[in-house]
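> Let me give you the structure first, and then I'll get to my questions.
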Amino acid sequence: MTSTAAPATPEQAGIWRVVPALVLAIAAGWFATFLPLIAQGEYAEFVVPWIPSLNIELAFRLDALSLTFALLITGIGAICFLYASTYFRSDPRLKRLLSLLTLFAISMLGLVLADDAITLFVFWEGTTITSFLLVGYDHHKKSARDSALQALLVTGLGGLALLAGLILMGQVAGTYRISEWVQMGGIFRDSGLYLGMLTLVLLGCFTKSAQFPFHFWLPGAMAAPTPVSAYLHSATMVKAGVYLIARLSPALGGTEVWTWTLTLVGATTMIVASIWALKQTDLKLMLAYTTVMALGALVMFLGGDYYYATTGAVTFIIVHALYKATLFLSVGMLDKMAGTREVEALGGLRRAMPLTWGIILLAAASMAGFLPFFGFIGKELKYEGALGVASEPLLVASAAVLANALMVAAAGMVALKPFLGAQRSPKPAPSDPPMTMWIGPALLAVMGLTFGLFPDLIGPTLILPMAEVVYGGPVPVEVKLWAGVNTALKLSIATFLLGFVFYWMLSRIRQSLDKEVPRVADAAEGYEILLQGMKDLAAWTARTIQPGKMTSYLRYTFLLMGVLVWGAILIGTGGIDLELGDVPIFHSAIVAIIAVSTFAIVVTGSRLVAITALGGVGAGLAVIFVLYSAIDVALTQLLVEILVVVFIAVALLKLPRAGTGRLRIGDASISVMLGLGVTFGLMAVMSTPLDRTIPDYFEAVSYSEAFGRNIVNVILVDFRALDTLGEIAVVVIAAVAAVAALRGGGQEVEK
Amino acid sequence: MEPILAGLTGLLVAAGVYLMLSGNLVRYLFGLVMLSNAANLLIFVAGGLTRSAPPLIEAGQKVPAEGVANALPQALILTAIVIGFGLFCFALALAYRAFYAMGTAKMDDMRLAEPLEDTAK
């Protein structure tokens, strides 16, 4: 083994680089000790209260489904971490990368182990955020930042929908424990909210697992470094949606809507993605599209509502994780050692990189589903399942055959094109990478062969218990390599033949694809339009509501006030029940004087008239106070009104003429609406009986406790003396501020 | 009488709002005074109207006669009038200062905090 290790700087040579990988490997070993327990259909549980008032617990549960994912997360994680520590040997940001990857691994583990829906959601968002940071790892590149944001927005919005869906389910079920949900499926299916919760939960799952039409973020996320893509975007995170669909299928599944939605969305995703995969010349992008394709297949089969389909799906989860992580890591090796991932620029590397080729060949054979690889078993189970699904066997089977044939062609492209023919690569003298990089992928690739040859290692211990958890009942299936000559085998043979044809015609297919379907099904464009639309909407709102004009701000404030007042009147239950009562002439005359004065202030252009009328209004109000037994109020009102008039008169000598201007219809409407609202609101208030508790109390104790005969005064200076103190403070502060404003220190503001 | 005073309150509010929206500092101040008056009247009317029975306790008595006016809204309004007056004085001084600093009494031309080039995109 020729090591190309450049002399590492002392700081980077530290043993800490392999610590995260080691920890994950130990965790994988620990999880593996649960295998015998799980094989018996048992489970392990760990519960502590978290937010008891909301009935939320930190509940974890390890059953066959969780264990499978936990093993994938820790096992493939250890391999990817080890690989990354070599891949980024000379990158000073390795510490950051490993920390983020570790955080991600913890979130992902929490997600698959959580038994409480809210706990699950928290970890779900944890994977979204760490994925955002990892995709944007090369944050100096705009494309990486955009891709990261895209992934965050798409999966983050889906996450919100998921939260709403989970809360709906929790409300209907009365518990947030998922293990209890899966046993009360009928409650959800019979609930009037079933469609709502199904839509919301599936939205979350579809965005996370890159289903059509949300698939576009995943190829974008390939801006992430290769070890990250191998870990997050093939083996673990993108399967979170699939995991949740599988987890909740006993609770939500089994209905027509469920079956058809999953079948159609999955099938569309599968076909669209496999066609796009063939268009790619960048090997990593091509693998990304085949990942989308695989996720579509998983969703389609989980919707099959047939135990063979379920077994096929859960087997394929493991099959896919094994070969796809291997291929991603191998493409990373090609990229690192030969200088490019462009398939057209590579060729004849079989002598220079024999180990890499061997690993890729093993993985690609499993991907194509050749005998005797693990992929073959997965494919046979899928075909067997396709023929018995609840929706439409013919549709599912033909979609599966077509997609698998395209997968065979894609496998051929990865495994053969770079290695056959004349040797060429951008980097001179390519060679196999150091051991720390190839050992992990090699292990995964060999496992793909071992599980194929000895399916009993994994079938009854993991796959069948997992299928039972997902199917929610017994699964009478045998996981074996050779099931005899049956329909599934015939479909397999047809797949291979079709696949070879695709492979040989690949360049021609690609050319015609470029010509015929240049931009078909490019949901990324829709995303761009939507994003731009949101920005425009935000800018428009800001421009309209915050135009920088003071009158506009006032206008919106008063308009909102009017709406609130009218809303309260219209929603309020009590009607208006008020009698006119007796109206003395003198009282009416006072009201008329105030009304006329008010009108005069609004229409007059003369300052003198306005000031006089303002005084008229104030004095009129003072008279009303006197008439209705408020002598102290009237006195104060009169004094204050005189001061106001004097002040305004003095100030007006210095201020310009006001002018009246034309009638402003819009402002007048707002004013009238608010005025009428106050009138009707006040009448509605007066129609309700007056609560005299507090006045009665003051009347009773005014003399006995405070020794005052004027109750109003007693209230002000005794019972509510602190209020009065505050009032005096306000006046003093206003006076000080007014003096400061009038003196002003003489500095003029620049125009 | 109550509906008439409720109508008067609404009229004062409408006039005050219309004046405040005019965009002229002087008329804005007029509007502010009207709105303060309207608020006081609103509290007063909502507290119930009682004619010619001020909340006083006769000499020699320990409690007021039956049916005197509600003292609570009166106390509240007294506070409100004074605070409204303080607010008015401050607003007046501020308006005067703003006029001399910026050379205009048009509120929409006072764009020191949000200059035109910021929003005119």
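Where a number appears in this text, it was derived from the coordinates with a stated rule and is not lab data. All of these numbers come straight from a predicted model, not from anything done at the bench. Every residue, glycine among them, receives a Cβ derived from its backbone with ideal geometry; neighbour counts consider all protein chains shown.
> For residue A:604, what is the net charge nearby, where nearby means another residue's Cβ is under 14 Å from its Cβ and Lys, Arg count +1, Asp, Glu -1?
+3
> Let me ask something else. Using Cα-Cα distances under 8 Å and only pairs 6 or more residues apart, what relative contact order does chain A have, in percent?
11 percent.
> Using modelled amide H (1.01 Å from N, peptide plane; none on Pro or chain starts), what sits under 5 Å from the amide H of residue A:62, excluding residues fewer than 5 places away?
Result for residue A:62 returns A:44, A:45.
> Which of the peptides A:107-114, B:45-52 is most tightly packed, and how do the rest follow, judged by the mean count of other Cβ atoms within 10 Å per residue?
Highest mean packing first, the order is A:107-114, B:45-52.
> Is the shape of region A:45-92 best called rounded, prolate or oblate, per the rule: a/c under 1.5 gives rounded, else a/b larger than b/c gives prolate, else oblate, with a ≥ b ≥ c the square roots of the Cα gyration tensor eigenvalues?
It comes out oblate by the Cα gyration axes.
> To continue, here is another question. Working from Cα positions, state the angle (0 to 90°, nearest 10) between the long axis of helix B:2-20 and the longest principal axis of chain B.
20 degrees
> Okay, next question. Which of the residue pairs A:382/A:480; A:142/A:239; A:239/A:427; A:142/A:427; A:382/A:490 have a Cα-Cα distance greater than 23 Å in the structure shown?
Where the Cα-Cα span goes over 23 Å, the pairs concerned are A:142/A:239; A:239/A:427; A:142/A:427.
> While we're on this one: Quick one: what are the phi-derived ³J(HN,Hα) couplings along region A:186-201, Karplus 6.51/-1.76/1.60 with θ = phi - 60°, whole Hz, x for glycine and proline?
Going residue by residue, I get x, 4, 6, 5, 8, 5, x, 8, 3, 4, x, 5, 4, 4, 5, 5 Hz, with x marking Gly and Pro.
> At a Cα cut-off below 20 Å, give the aspartates and glutamates reachable from residue A:284, other chains included and same-chain residues fewer than 8 away excluded.
A:138, A:146, A:335, A:342, A:344, A:432, A:514, A:522
> What list of ³J(HN,Hα) couplings, whole Hz, do you get for region A:113-121 from phi and the Karplus terms 6.51, -1.76, 1.60, once you set θ to phi - 60° and write x for glycine and proline?
These are the phi-based 3J(HN,Hα) values: 8, 4, 10, 9, 4, 6, 4, 4, 5 Hz.
> Within 10 Å of each Cβ in A:361-368, how many Cβ atoms from other chains are there, averaged over the peptide? Could you put the intermediate results ahead of the total?
Numbers: counts 0, 0, 0, 0, 0, 0, 0, 0.
Going residue by residue through A:361-368 and averaging, the value is 0.
> Could you give P(r) for region A:1-151, binned at 5 Å from zero, as whole percent values over all Cα-Cα pairs?
Histogram of Cα-Cα distances, whole percents per bin: 2, 9, 14, 16, 17, 15, 12, 8, 5, 2, 1, 0, 0.
> A further question follows. Per q in 0.05, 0.11 Å⁻¹, report the Debye log10 I(q)/I(0) for chain A, using one uniform scatterer on each alpha carbon and no solvent.
Taken in order of the listed q values, log10 I(q)/I(0) reads -0.43, -1.11.
> From other protein chains only, count the Cβ atoms within 10 Å of every residue's Cβ in A:605-614, then give the mean.
On the way: counts 0, 0, 1, 0, 0, 4, 1, 0, 1, 5.
The shielding value for this peptide is 1.
> Let me ask you something else. Using a cut-off of 9 Å between beta-carbons, work out the net charge of the residues near residue A:226 (Lys and Arg +1, Asp and Glu -1, residue A:226 not included).
Values: positive: A:284, A:336, A:341; negative: A:335.
Net of charged neighbours comes to +2.
> Let me ask something else. What whole number of Å gives the distance from the Cα centroid of region A:24-66 to the Cα centroid of region A:278-333?
So the two Cα centres are separated by 26 Å.
> Out of region B:20-121, which GluC sites (Glu not before Pro) are coil in DSSP terms and have no more than 14 other C-beta atoms within 10 Å?
Details: sites: B:58, B:66, B:117; in loops: B:58, B:66.
Listed in order of number, the matching sites are B:58, B:66.
> On full extension of the chain, what length is gained from residue A:577 through residue A:493, given 0.36 nm per residue of separation minus the C-alpha to C-alpha distance?
Stretched out fully, the residue A:577 to residue A:493 stretch lengthens by 21.7 nm.
> Using the Karplus curve 6.51 cos²θ - 1.76 cosθ + 1.60 with θ = phi - 60°, what ³J(HN,Hα) values do you get for each residue of region A:333-339, in whole Hz, with x for Gly and Pro?
Going residue by residue, I get 5, 4, 4, 5, 8, 9, x Hz, with x marking Gly and Pro.
> Compute the angle between helix A:693-706 and the longest alpha-carbon principal axis of chain A, please, reported from 0 to 90 degrees and rounded to the nearest 10.
Helix A:693-706 sits roughly 60 degrees off the main axis of chain A.
> Whose amide H sits under 5 Å from the amide H of residue A:91, counting only residues 5 or more places off or on another chain, with H placed in the peptide plane?
Excluding prolines and chain starts, which carry no amide H, there are no hits.
> Per residue of A:727-733, how many C-beta atoms from partner chains lie within 10 Å of its own C-beta, taken as a mean?
Details: counts 7, 3, 1, 7, 7, 1, 2.
Other-chain Cβ atoms within 10 Å of each residue's Cβ, averaged: 4.
> Quick check: the angle from helix A:374-386's long axis to the longest principal axis of chain A, C-alpha only, nearest 10 degrees?
With both axes taken from Cα atoms, the answer is about 60 degrees.
> Report the Cα centroid-to-centroid distance between region A:442-503 and region A:614-643 in angstrom, as an integer.
So the separation of the two Cα centres works out to 94 Å.
> Quick check on chain B: helices-only [θ] at 222 nm, where DSSP H runs of length 4 and up contribute -39,500 (n - 2.57) each and the sum goes over total residues. Nearest 500, please. Can you show the working numbers first?
Numbers: 4 runs with 77 residues, N = 121.
Only helices count here, giving -22000 deg cm²/dmol.
> Quick one: compute the contact order of region B:1-107, relative version, from alpha carbon pairs under 8 angstrom and 6+ residues apart, as a percent.
The value is 26 percent.
> Out of region A:332-428, which trypsin sites (Lys or Arg not before Pro) are coil in DSSP terms and have no more than 12 other C-beta atoms within 10 Å?
A:351
> Quick check: from the Cα gyration tensor, does region A:548-689 come out rounded (a/c under 1.5), prolate or oblate?
Values: a/c = 2.09, a/b = 1.14, b/c = 1.84.
Taking the square roots of the gyration eigenvalues as a ≥ b ≥ c, region A:548-689 is oblate.
> If exposed chymotrypsin sites (Phe, Trp or Tyr not before Pro) are those in a DSSP loop with at most 13 other Cβ within 10 Å, what is the longest stretch of chain A that has none?
Longest stretch, sites excluded: A:1-481.
> From the helices alone, meaning DSSP H stretches of at least four residues, give me the mean residue ellipticity at 222 nm for chain A, per-run term -39500 (n - 2.57), in deg cm²/dmol to the nearest 500.
On the way: 31 runs with 517 residues, N = 751.
Taking each H run of at least 4 residues, the total per residue is -23000 deg cm²/dmol.
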